[in-house]
Amino acid sequence: MKKNGTYRILSVLLAAVLVLGLVLIPGAGLTAEAKKKSKKKTSSKTTTTATTTAKTPTYQVSIPAALISGDQVTLTVTASTAPATDDGIYHIFAQDCYESGAAGTEVAQLPAAAGTQTTNVALGLNSASSMLYKKFVVLGSVGGKMTQLSNCEYISNPEAAASASPARLDTNGKKGLLLDSGLINRMDILSDVGVDQVTYNLNLGDLLSDSSQGWYTYNYNGKTYQFAKAVVDQFGIWIVPPLNKKGISVTIILLNNLKSNTTLIHPQAMDGTVANYYAFNTANAAGAETIEAIGAFLGEKFNGKNGWGQVDNWIIGNEVNARQEWGYINAAVGEDYAVKAYADAVRLFYNGIKSKDATANVYVGVDHEWSRSDGYPDPSIHYGAQSFLTKLNSYVASEGNFNWGVATHPYNAPLYSSWTINPGIVKPNLAKYVTDDQSSVYITMYNIDVLTDFLCQKAYLQSDGQVRSVLCSELGYTSLPSHGYASDESIQAAALAYGYWQAMNNQYIDGFFNREVDHATEINEISEGQPDNLATGILNMDATPKQAYTVYKNIDDPNQQAAILQQAAASFGVADLTPYIHVR
């Protein structure tokens, strides 16, 4: 959560814009069967307003696939015409993510010929010669110099190496909470609310630095790593297994905080700037190999087969497009460099996790600042999520598509307002900031379909043709008046009911996570001379329930659902929520 962009606009009111042509839903009831997550569908939508970059060949030779098959990696090499080389040979090199050009190690050769050829390279799983994280490239000797002839291609099916393929636990529903560290032992709250999923943060700086309880030794790819027992035991004893026993799916957010061990901090982030979290180090062997080892270690530890519980989802970073605070890297490197560094980190984590747990999902983490308009967001501070995802998708597609998902934080805009849809407070000069199209500056639960429509574009689909999974992994609405915006518990409850109902009517959203409890810092923090009053939990600080707690608990009950949604509509001053639900 951060306060910027339209959050700076504290003297005027903002509400979602009414957009013509919305798809309506009949009635308010939802059966118990419909509560279950629907199977992903191949998108039939066409969205043309967003800029997309598809994978297109830029070299005479192409490596369209690098796939694990048993203990081998099968490489496919194609060329429409044979390139002219000194020796008539394709030299296939394996490179690390930070290498380019003629760097790396030669692992195979093929005749420099037109047509399609295949060759196998030993996978070498969990050895110093492992190919799991390598990108493959065809080089040729041209004029006595090794020259790049093809695109680079990573292995895109690391799950083929996994020994575990556990049944996922997130099939019961989308209702989630951000589990509060002070209420870890209050499983009764989660059961009472009927929570299906939770998220929890894991600080990787602590995993590498906290020596308070000793270390777990992990031998991986010919090297030995140490991971903090204090961190691992917290998750493997006190958090994940008890949740799993309740049938609750767990999502872990991997955060790159600065501690004594700085291996994971990108060199371009080590300039002394203080931030909450930092860009991942994919610039050298020490950083990349540590990411690989962590991914494999966590994927193996929490694949449900080793007594430490099962983690279904892993989110890599937090609001990483918010460069200054949440994924710091020096602004001078530019957005392209920052996105490529992050894309490499996500891929390394993905291959490591999926090689140990075939059914785990891996997500990129972005905030709700979507497109740029009137200086929002300021590119010297934040990158727009739309631009960030466009570039990330382009990099990934050019080097081997893999099934990353999107974890977004669709807070309201401005953050201080819980009035998400009431047309009576629309201000024309602010309406442009939350619109139901790809030019919207912000994505909230009012227009969350902007994100899922964006991902429905052909260029953004997974390699299997399905739409990428979306998690609304952090949000909340304040129950207190804030910076001139009226609110109370009934308005907060109405906003929560509306947001959840939007998620339930969007098949591409697989989880909706509201804050569990209020935090004193967010309530008492001073902005522009007054407290922020951001009381966004369904529980007060003393863990007593608010109206939002009761609404969230009962909204899936078919006997109470219609009344809850009708009360939410009344709280917003409208007759019915149906026109504001964007079915997808």
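Computed from the coordinates by the stated procedures, all read-outs in this text should not be read as laboratory data. What you see is a predicted model; the values in this text were computed from it and never measured. Cβ: placed from backbone, ideal geometry, glycine included. Neighbour counts: every protein chain shown.
Which option, (1) 57; (2) 50; (3) 41, is the value of percent of Cα pairs over 34 Å apart that was calculated from these coordinates?
(3)
Order these peptides, 174-182, 448-456, by their mean beta-carbon neighbour count within 10 angstrom, highest first.
Per-residue Cβ counts within 10 Å, averaged per peptide and sorted highest first, yield 448-456, 174-182.
Given labels modelled 7 Å from the Cα in the Cβ direction, how far is it in nm from Ser69 to Thr359?
Here the modelled spin labels are 2.8 nm apart.
Relative contact order of the chain, please, whole-number percent, based on alpha carbon pairs below 8 angstrom and at least 6 residues apart.
Details: 1356 pairs, mean separation 104.3, N = 584.
That works out to 18 percent.
Angle, helix 334-354 long axis vs. longest principal axis of the chain, Cα atoms, 0 to 90°, nearest 10?
Tilt relative to the chain: about 80 degrees.
Using 1/(1 + (r/R0)^6) with R0 = 41 angstrom and r between the beta carbons of Gln117 and Ala331, what's the FRET efficiency to the nearest 0.05?
So the FRET efficiency works out to roughly 0.40.
Summing +1 for each Lys or Arg and -1 for each Asp or Glu, what net charge is found among the other residues whose Cβ lies under 11 Å from the Cβ of Arg186? Before the final figure, lay out each step's value.
Working: positive: none; negative: Asp180, Asp188, Asp192, Glu516.
Once all neighbours under 11 Å are counted, the net charge is -4.
Pulled fully out, how much extra length does the chain show between Leu110 and Ser165, if you take 0.36 nm times their separation in residues and subtract their Cα-Cα distance?
Working it through step by step, the gained length comes to 16.3 nm.
With the Cα gyration tensor of region 61-150 giving a ≥ b ≥ c as the square roots of its eigenvalues, does the rule (a/c under 1.5 for rounded; else a/b larger than b/c for prolate; else oblate) give rounded, prolate or oblate?
oblate
Determine, from the Cβ-Cβ distance of Ile184 and Gln530 and an R0 of 30 Å, the FRET efficiency 1/(1 + (r/R0)^6), rounded to the nearest 0.05.
0.35
For the pair Ser129/Asn306, report the inter-label distance in nm, with labels modelled 7 Å from Cα in the Cβ direction.
Computed distance between label sites Ser129 and Asn306 equals 2.6 nm.
On C-alpha positions alone, give me the angle between the axis of helix 385-398 and the longest principal axis of the chain, in degrees, nearest 10.
That works out to roughly 20 degrees.
Which entries in the list Lys305/Lys340; Lys134/Lys354; Lys340/Lys458; Lys134/Lys229; Lys246/Lys553; Lys175/Lys245 go over 23 Å, if you measure between the two C-alpha atoms of each?
Correct reply: Lys305/Lys340; Lys134/Lys229.
From the Cα gyration tensor of region 70-110, with a ≥ b ≥ c the square roots of its eigenvalues, which class applies: rounded if a/c is under 1.5, or else prolate if a/b is larger than b/c, or else oblate?
It is oblate, given that a/c is not under 1.5 and a/b is not larger than b/c.
On a full-extension model of 0.36 nm per residue, what is the gain between Asp464 and Tyr59, subtracting their alpha-carbon distance, rounded to one decimal in nm?
My answer for the length gained is 143.3 nm.
Ile316: net charge of surrounding residues, Cβ under 12 Å, Lys/Arg +1, Asp/Glu -1, itself excluded? Walk me through the intermediate numbers first.
Numbers: positive: Arg347; negative: Glu319, Asp344.
After counting each charged neighbour, the total is -1.
Kindly identify region 425-584 as rounded, prolate or oblate by the Cα gyration tensor criterion: order the square roots of the eigenvalues as a ≥ b ≥ c, call it rounded if a/c is under 1.5, otherwise compare a/b with b/c, prolate if a/b is larger, else oblate. Present the calculation step by step, with values, prior to reporting the outcome.
Numbers: a/c = 1.60, a/b = 1.37, b/c = 1.17.
Because a/c hits 1.5 or more and a/b exceeds b/c, region 425-584 counts as prolate.
Take Ala230 and Tyr98, extend 7 Å from each Cα along the Cα→Cβ direction, and tell me the distance between the two endpoints in nm.
Those two pseudo-labels are separated by 2.8 nm.
Can you give the calculated 222 nm mean residue ellipticity of the chain, where each DSSP H run of n ≥ 4 adds -39,500 (n - 2.57) and the sum is split over every residue, rounded to the nearest 500 deg cm²/dmol?
Roughly -6500 deg cm²/dmol at 222 nm, from the helical runs in the chain.
Which value, in debye to the nearest 20, describes the size of the charge dipole of the chain about its Cα centre when Lys and Arg Cβ atoms bear +1, Asp and Glu Cβ atoms bear -1, and nothing else is charged?
Values: 40 positive and 52 negative charges, 194 e Å.
Here the chain has a charge dipole of around 940 debye.
Under a Cβ-Cβ cut-off of 14 Å, what is the net charge of the residues other than Gly143 that fall near it, where Lys and Arg count +1 and Asp and Glu count -1?
Here the charged neighbours net out to -1.
Only counting other Cβ atoms within 10 Å, I'd like Ser380, Ser490 sorted with the fewest neighbours first.
Listed from fewest to most nearby Cβ atoms, that is Ser380, Ser490.
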